[in-house]
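This report concerns only the one structure given below.
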Amino acid sequence: MEHTKVKDLLKSTKTNIEVTAKGWVRTFRNNQFIALNDGSTINNIQCVVDFENTPEETLKRITTGAAISVKGDLVESKGAGQKFEIQVRTLEILGDSDAEKYPMQPKKHSLEFLRENAHLRVRTNAFGAINRVRSVLSFAVHRYFQERGFVYVNTPIITGSDAEGAGEMFRVTALPIDNPPRTEDGKIDFSEDFFGKETNLTVSGQLEGEVFAMALGQIYTFGPTFRAENSNTSRHLAEFWMIEPEVAFADLDDNMDLAEDFIQYVIKYALDNCEDDLKFLEQRLLDEEKSKPQAERSEMSLLQKLNFVLENNFKRVSYTEAIDILKNSKPNKNKKFQFTIDQWGADLQSEHERYLVEKHFKCPVILFDYPADIKSFYMRLNEDGKTVRAMDILFPGIGEIVGGSQREERYDVLIEKMKTVGIDQEELWWYLDTRRFGSAVHSGFGLGFERLVLFVTGMGNIRDVIPFPRTPGNAEF
């Protein structure tokens, strides 16, 4: 049976027309008023039941969480706060809900409780809003790159290389766990494994992306990546999605231009297409902030923070300049930073990044030319021999949101860097070939999609912006 989405009913230009709506009961009051939601919008539509002519048995089955279908007339509402309602003529219960056991009762639930019920939390206003925003942002990512002639490339999820050199990867194997074959020296013999070598889940599609950029000019990847980092922080997931463009004939300045333009585009797209959801999430954040001490409250509302990114050019600052600013800052001199900055070469923490954005420059910041020792092997070495053409974009409230670089296109220099960090050249022979055959200046960056969703929705924990979070000790659902 055809039906009309609640979102479209609430935007209708006609009244006194027969409509059919389907969805889930949010509340049922006075044996007459149903708040119906179908997921198309954060807003419910009120359905007024003719309780005198509706069987009592049916009325008893209209409980929170039940799936129903209603047919009736769309009319102007007499109640406050709603434009239209449905005067129900016929009502059908599509799926009962045990009212006493249904976890998502119409009351405030803790985020931890909702994580434990991730299969049902999307039926709440907050998680419905988060996931609609996530969907719109995902579309905006593809739209941005497709409009600019980028080629979408699906890089492998199973890989034999570690793009980051971090070693924190999930192993993929078909060998028997209890008795794997072993070599003469007692090590596991991966030559007998499914792929004939040791393989893992990917941490990045960058290296394969570079291969395609060296043929197609400009490409992007957007897919799942995995880190076996035993971290239980509010900013880390074991499974997450990465957006990674790679562009041939582009240097670091071009890369910074692209990243700034891209991130402003997708945020504006969300603002233009998720107005109701973002207003709800803003109010949710404001209510949450009231319970915090004044010193811990954000200086900007959610929408102010999003517009802050759109209305300000990103300040470009070298790592060396940033270190000088941080060393001489009051929080550093007064030992207010958890990690004191005392010398060049320090790896910046979120507290330092947020200070630069929120207190010193008061705008989004792009840091560039980092020390080579704290960055990956594939980043282009500068003429000073100690810094690389890396860049990070820093945002208010979140710190680093984008990391990228101009890639090292010189074969001899790349070989030396791989030797220094102990990366096997034979393992990455195909990557080195891109430097031997028609190498060119090229650049790219990576944006963790959940970090973006976290920023745009104003949520405080990254586990709440992905449908089913995977973290240490948790692979439920």
Yes or no: Val365 under 30 Å from Asp464 (Cβ atoms), free of Cβ contacts under 8 Å to residues at least 60 places away in the same chain and in contact with a Cys (Cβ under 8 Å, 6 or more places away or on another chain)?
no
With respect to the numbered conditions (1) in contact with a helix residue (DSSP H, G or I) (Cβ under 8 Å, 6 or more places away or on another chain); (2) within 23 Å of Thr4 (Cβ to Cβ), which one is the sole condition not fulfilled by Thr90?
(1)
Keeping to segment 125-145, report how many residues are open to solvent by 30 Å² or more (accessible area, probe 1.4 Å) and closer than 23 Å to Leu207 by Cβ.
1
So the check is Cβ under 8 Å with 6+ separation or different chains; which pairs have a first residue in segment 184-199 that's surrounded by 13 or more Cβ atoms within 10 Å (Cβ to Cβ) and a second one that's of a type in the set (Gly, Ala, Ser)?
Phe190/Gly196; Asp193/Ala174; Phe195/Gly160; Glu198/Gly160; Thr199/Gly160
Residue selected from segment 356-394 under the condition among the basic types (Lys, Arg) and either in contact with a helix residue (DSSP H, G or I) (Cβ under 7 Å, 6 or more places away or on another chain) or farther than 16 Å from Thr420 by Cα (or both), by the criterion surrounded by the most Cβ atoms within 10 Å (Cβ to Cβ):
Arg389
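What residue, among those in segment 286-300 that are assigned to a helix (DSSP H, G or I) and farther than 13 Å from Asn125 by Cβ, is modelled with the highest pLDDT?
Restricting attention to segment 286-300, the residues satisfying the condition of being assigned to a helix (DSSP H, G or I) are 286-289, 294-296.
Imposing the further condition that a residue be farther than 13 Å from Asn125 by Cβ reduces the set to 286, 288-289, 294-296.
On the way: Leu286: 92, Glu288: 88, Glu289: 86, Gln294: 78, Ala295: 70, Glu296: 74.
My answer is Leu286.
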Counting only residues that are assigned to a helix (DSSP H, G or I) and either without any contact (Cβ under 8 Å) to a residue 40 or more places away in the chain or in contact with a Gly (Cβ under 8 Å, 6 or more places away or on another chain) (or both), which one in segment 301-322 is nearest to Asp261 (Cα to Cα)?
Glu311
Please work out which one of (1) aliphatic (A, V, I, L, M); (2) assigned to a loop (DSSP other than H, G, I, E, B); (3) in contact with a Phe, Trp or Tyr (Cβ under 7 Å, 6 or more places away or on another chain); (4) farther than 28 Å from Arg436 by Cβ is the condition Ile177 fails and give its number.
(3)
Kindly indicate whether any position in segment 398-412 is in a helix (DSSP H, G or I), touching a residue at least 24 places away in the same chain (Cβ under 8 Å) and either open to solvent by less than 10 Å² (accessible area, probe 1.4 Å) or charged (D, E, K, R) (or both).
no
Going through segment 440-458 in order, the residues found to be assigned to a strand (DSSP E or B) and within 21 Å of Ala238 (Cα to Cα) are Phe445, Gly446, Leu447, Gly448
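Yes/no matrix, rows are residues, columns are (1) open to solvent by less than 70 Å² (accessible area, probe 1.4 Å); (2) not in a strand (DSSP E or B):
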residue: Val70; (1), (2): yes, no
residue: Asp73; (1), (2): yes, no
residue: Lys107; (1), (2): no, yes
residue: Arg115; (1), (2): yes, yes
Need pairs with beta-carbon distance below 7 Å; first residue without any contact (Cβ under 8 Å) to a residue 40 or more places away in the chain and within segment 271-297, second of a type in the set (D, E, K, R) and open to solvent by less than 80 Å² (accessible area, probe 1.4 Å); sequence gap 6+ or separate chains.
Arg297/Glu289
I need the full set of residues from segment 9-19 which are on the phi < 0 side of the Ramachandran plot and open to solvent by 20 Å² or more (accessible area, probe 1.4 Å), in order please.
Leu10, Lys11, Ser12, Thr13, Lys14, Thr15, Ile17, Glu18
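The values are calculated or read from the model by the stated rules, or taken from the named source; none is laboratory data. If you're wondering where the values come from, they're calculated on a predicted model, not measured in any experiment. Cβ atoms come from the backbone with ideal geometry, glycine included; neighbour counts cover every protein chain shown. Protein only, heavy atoms only, side chains kept; ligands, DNA and RNA dropped before computing areas. Shrake-Rupley method; radii C 1.70, N 1.55, O 1.52, S 1.80 Å.
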